[in-house]
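The values are calculated or read from the model by the stated rules, or taken from the named source; none is laboratory data. Since the model is a prediction, treat every value here as computed from it, not as a measurement. Cβ placement follows ideal geometry from the backbone for every residue including glycine, while neighbour counts extend to all protein chains displayed.
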Amino acid sequence: MREKREESIGFEAQNRLVFSLIGLFIALTMALGLIPGMRLTALASDTNSEVKFSAYDGAITSQNESYIYLFDGNTQTKWCTCNRGTPKNESAYCYYVEFSSNVPITVDKYFLTTANDTDTHGGRNPKSWYLKAKRNSDESWTTIDTVTNDEVMQAASYTGYSFDVDVTGTWQYFLFMVIDTKGESTLQLSELTLNNSSNSSNTKTEASIEFETETVNKFCDDKPFTVKLNNTGDGKVTYTSDNESVAKVNSSTGEVEILSSYYKPVTITATVEDSDNFEYPVKTAKYKLNINQHSISFKKDRINVVYKGENFSNELINDGNGIDNM
Ligand SMILES: [Ca+2]
């Protein structure tokens with residue numbers, strides 16, 4: 001009897017070991033992404049309270065730019081629609097999206113992020129909107145934020161803006177209704193995120209800044225110019241030049257004025273501060289500015305002519321706009 005018991009304990013221990021090894025193998029395979037359709041995020045979401053949003057109704061023009069792309073965490077994809085609709089139990093004919101979170105959340109603020117070409121389509125930004133919420137699907141909506149004639153959102157691509165709600169509460173269903181845009185008949189946004197204030201580890205979103213180009217070539221008489229800075233958050237940006245006597249930069253707009261030519265490139269730096277809602281692991285972005293002088297030269301520096309009474313010419317290369325007198 002005693003022997004048998006020991007044997008059965010030995011068997012259980014062996015089983016536990018086998019199951020542990022299988023468990024470890026599955027965890028490792030999932031972590032390495034070797035099981036199709038399972039990624040490391042699947043493991044992560046089991047261990048922390050990551051909030052996920054999914055949209056289930058709204059106004060769309062094309063499936064490629066559906067409202068579902070407001071919630072994919074990717075600013076390269078967008079909700080872009082020229083079609084309006086009327087949400088259920090509402091009367092406004094508007095651009096709208098209805099969505100829910102996987103768990104009830106306490107919303108204190110939300111973020112709207114502009115799309116890829118908002119710099120040339122600022123008129124597609126929302127101007128007046130409502131954010132409504134409810135705890136259960138069969139309740140009626142509570143308006144938790146109203147914005148009329150917004151002046152916060154700018155004609156800047158990939159830029160996030162934060163809005164505090166008027167009514168704080170715990171909700172799970174949401175309705176975002178845009179009553180009017182800033183001029184165009186199309187509305188577009190790349191992301192819509194609600195901040196869950198009950199999850200303190202999730203209060204700041206990671207953001208980045210990057211100049212559109214790393215090198216700029218200019219002549220000393222070129223007009224002031226600005227290199228576009230892509231800012232995925234709302235942190236305050238300050239611009240500096242490492243040679244103010246050659247290229248002066250406006251510290252808040254980034255506009256550069258060239259004062260003279262110089263043999264060394266000038267470095268223009270953008271520095272961003274963390275904001276209440278976004279944190280920047282990398283706080284600077286730079287580009288090099290080469291400032292060239294104009295020159296003129298003949299294409300050929302020597303021409304041998306045997307005089308036969310014929311005319312000849314030598315092309316003059318002038319990279320500036322000065323008038324050639326000969
Ligand atoms: Ca998106």
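Before moving on, here are some points about what is shown:
- Selection from the stretch 225-252 of residues that are within 19 Å of the chain's Cα centre (by Cα) and free of Cβ contacts under 8 Å to residues at least 40 places away in the same chain: Lys236, Val237, Thr238
- Condition met for Thr181 (touching a Leu at 6+ places or on another chain (Cβ under 7 Å), closer than 27 Å to Glu65 by Cα and crowded, with 18+ Cβ neighbours inside 10 Å): yes
- Residue in the stretch 114-133 that is at pLDDT 95 or above, outside any strand (DSSP E or B) and among the aromatic types (Phe, Trp, Tyr) present: no
- Selection status of Val272, farther than 24 Å from Asn116 by Cβ and crowded, with 17+ Cβ neighbours inside 10 Å: no
- Top-ranked residue of the stretch 55-97 - restricted to ones that are among the small types (Gly, Ala, Ser), in a strand (DSSP E or B) and within 16 Å of the ligand (Cβ to nearest atom), ranked as surrounded by the fewest Cβ atoms within 10 Å (Cβ to Cβ): Ala55
- Looking at Asn230, Asn195, just one residue is in contact with a strand residue (DSSP E or B) (Cβ under 8 Å, 6 or more places away or on another chain), within 16 Å of the ligand (Cβ to nearest atom) and of a type in the set (S, T, N, Q), and that residue is Asn230.
- Scan of the stretch 229-254 for residues that are in contact with an Asp or Glu (Cβ under 9 Å, 6 or more places away or on another chain) and assigned to a strand (DSSP E or B), ordered by number: Leu229, Asn230, Asn231, Val237, Thr238, Tyr239, Ala247, Lys248, Val249
- Some residue of the stretch 162-169 being out of contact with any helix residue (DSSP H, G or I) (no Cβ under 9 Å at 6 or more places or on another chain), more than 16 Å from the ligand (Cβ to nearest atom) and among the polar types (S, T, N, Q): yes
- Among the residues of the stretch 164-213, the one identified as within 16 Å of Tyr130 (Cα to Cα) and part of a loop (DSSP other than H, G, I, E, B) is Lys182.
- Among the candidates Glu184, Glu255, the residue that is in contact with a helix residue (DSSP H, G or I) (Cβ under 6 Å, 6 or more places away or on another chain) and over 21 Å from Phe278 (Cβ atoms) is uniquely Glu184.
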